[in-house]
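Read through the structure below, which is laid out as structure tokens, and then see the notes.
The values are calculated or read from the model by the stated rules, or taken from the named source; none is laboratory data. The structure presented is a predicted model; accordingly, all values stated were derived computationally and were not measured. FYI the Cβ positions are ideal-geometry reconstructions off the backbone, even for glycines, and counts take in every protein chain you see. Only protein heavy atoms, including side chains, enter the accessible area calculation; ligands, DNA and RNA are left aside. Shrake-Rupley method; radii C 1.70, N 1.55, O 1.52, S 1.80 Å.
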Amino acid sequence: MGPDTELQRKLDHEIRMREGACKLLAACSQREQALEATKSLLVCNSRILSYMGELQRRKEAQVLEKTGRRPSDSVPPPERSPCRGRVCISDLRIPLMWKDTEYFKNKGDLHRWAVFLLLQLGEQIQDTEMVLVDRTLTDISFQNNVLFAEAGPDFELRLELYGACVEEEGALAGAPKRLATKLSSSLGRSSGKRVRASLDGAGGSGNSPILLPTPAVRGPRYHLLAHTTLTLAAVQDGFRTHDLTLASHEENPAWLPLYGSVCCRLAAQPLCMTQPTASGTLRVQQAGELQNGTLVHGVLKGTNLFCYGRSEDADTGQEPRFTVAINKETRVRAGELEQAPEWPFTLSISNRYGDDEVTNTLRVESREALQNWMEALWQLFFDMSQWKHCCDEVMKIEAPAPRKPPQALAKQGSLYHEMAIEPLDDIAAVTDILAQREGTKLEPPPPWLAMFTDQPALPSSCVPASVAPVPTWTQPLPWGRPRTFSLDAAPPDHSLGASRSVAPLPPQRSPQSRGFYSKSQLRTWLQSP
């Protein structure tokens, strides 16, 4: 499969993904679903444009190559091309700059934003997970690593931060239609129809000063908040801060108080540092040896020439017999020994350590083998000159972790909306819910609780073991609508016309023995304001 065919396959895949995202967005009923679908739609559109642009450039190059011409803005092809590599960005942090009244004093409306990063390197486009942000956070943190498998030393990694206000998007989505409906009903049937028709027409064309243009697919709208571009100079095996270019203003509904910087770890791995570039049988004469040298299997990988006793040792991960260092300051000279019938071709590798110079001589059997080793060394030196500090040592790149499921939005409501209470054991159910919510065991119910149950009240200091505690419900409750108490409610004896099953007051015990009011006094006390 050629590169153009593979790119066309990716383009077709993104087109199908875009159609699926549009259908999903039209069917979404939850905010988090709509946000994720809109995010997928934005990413698919960006990839489609990128793939179409790359296909266009390749087709143009093929046409010009057939006609024997080249574009006016192109340069002659270089004699050598640097190796490709991998680029990984991780530990992404974007600090926020809230006002003192918002963060420290917790004043003002609590708004939330859904944000994510879109990263582009060449025609490759990746995205991060969606993160919900409010004023309780000091920075935006993206946990996953983003890896680009194909990159050159002249790469430009563009980061774009997109955001959407969670609360306002749902309210603004249907605002044009609601406004038109209100105007048409206020002005009357005939006048209202004409006004609504004119407003709908202006809204569809985008020229209305009142109504916003209605998109083809309704849903949240992400806005570009900030962007930056990272190059090879930003690569560092550690945490580093880079400047952000802000693209949004405070009047924008999706505006976030960004500090103006992004912190991340940008690592690069040239292929010459991780994959062997040359291998073969060598006879190595180390510095100070007067003999013919040691027969070894040499492997050129990164900044070292590893010399193994056998070729199988390199495949099984055995330790090499010795290693010859190769860096940007290494000097290489080719030669030929006239008086040597075997292994006449030599390759001298010299390194300077302080004031001393150490030379190792490699001997090969044929001129072709010597040419192959020289070509591999010159290519390695060229890669080092292009990738620069990325060839000093191999930077660690971790494989991206599997993408986590979308983060669900927290429910908007109070403890009241989370309670479902049975009429017979209201107080017990409330006590159990509060105990589970706080994570602590509450104290036993007070003695006066017996007034609402069938159990007699006893002093707290002498409660016998035979007295059963107030039952708590551990099974799922079948009823749905919560119920609350009020001191103004009618007591059980005051029937309201419907038969109800309630817990009767304990009979046969005098109020004096329990220290409570009589039944008539209790009814008067409950009905008093």
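Which condition from (1) under 30 Å from Leu232 (Cα atoms); (2) of a type in the set (A, V, I, L, M, F, W, C); (3) open to solvent by 30 Å² or more (accessible area, probe 1.4 Å) is the one that Leu295 breaks?
It fails just one condition, (1).
Which one is farthest from Leu118 (Cα to Cα), of the residues in segment 215-241 that are in a strand (DSSP E or B), of a type outside the set (S, T, N, Q) and open to solvent by 20 Å² or more (accessible area, probe 1.4 Å)?
Result: Arg240.
Return yes when Glu160 is of a type in the set (D, E, K, R), modelled with pLDDT of 95 or more and open to solvent by less than 70 Å² (accessible area, probe 1.4 Å) and no when it is not.
Taking the combined requirement at face value, the residue satisfies it.
Report, ordered by the first and then the second residue, all pairs with beta carbons closer than 8 Å, sequence separation of six or more or different chains, a first member in segment 369-386 that is open to solvent by 30 Å² or more (accessible area, probe 1.4 Å), and a second member that is among the hydrophobic types (A, V, I, L, M, F, W, C) and in a helix (DSSP H, G or I).
Filtered contacts from segment 369-386: Gln379/Cys272.
Which residue pairs have Cβ atoms closer than 6 Å, lie 6 or more positions apart in sequence or on different chains, and pair a first residue in segment 39-68 that is within 24 Å of Glu160 (Cα to Cα) with a second residue that is open to solvent by 30 Å² or more (accessible area, probe 1.4 Å) and part of a helix (DSSP H, G or I)?
Cys44/Met17; Cys44/Arg18; Tyr51/Lys10
Mind listing whichever residues of segment 1-43 are β-branched (Val, Ile, Thr) and either touching a Cys at 6+ places or on another chain (Cβ under 7 Å) or at pLDDT below 90 (or both)?
Thr5
Quick one: in segment 1-36, of everything that is surrounded by 13 or more Cβ atoms within 10 Å (Cβ to Cβ) and of a type in the set (Lys, Arg), which residue is nearest to Glu60 (Cα to Cα)?
Lys10
What is the one condition in (1) touching a residue at least 40 places away in the same chain (Cβ under 8 Å); (2) part of a loop (DSSP other than H, G, I, E, B); (3) open to solvent by less than 40 Å² (accessible area, probe 1.4 Å) that Val262 does not satisfy?
It is condition (2) that Val262 fails.
Would you pick out the residues in segment 122-157 that are among the acidic types (Asp, Glu) and modelled with pLDDT under 90?
Asp134
Out of segment 37-71, which residues are open to solvent by less than 40 Å² (accessible area, probe 1.4 Å) and under 19 Å from the mean Cα position of the chain (by Cα)?
Within segment 37-71, Ala37, Thr38, Lys39, Leu41, Leu42, Val43, Cys44, Ser46 qualify.
Can you report the number of residues in segment 270-322 which are within 42 Å of the chain's Cα centre (by Cα) and part of a strand (DSSP E or B)?
Result for segment 270-322: 9.
Restricting attention to segment 111-140, report how many residues are under 24 Å from Thr231 (Cβ atoms) and of a type in the set (S, T, N, Q).
4
Just checking, how many residues over segment 123-137 are more than 18 Å from Leu96 (Cα to Cα) and either in contact with a Gly (Cβ under 6 Å, 6 or more places away or on another chain) or part of a strand (DSSP E or B) (or both)?
Residues that pass the stated criteria total 4.
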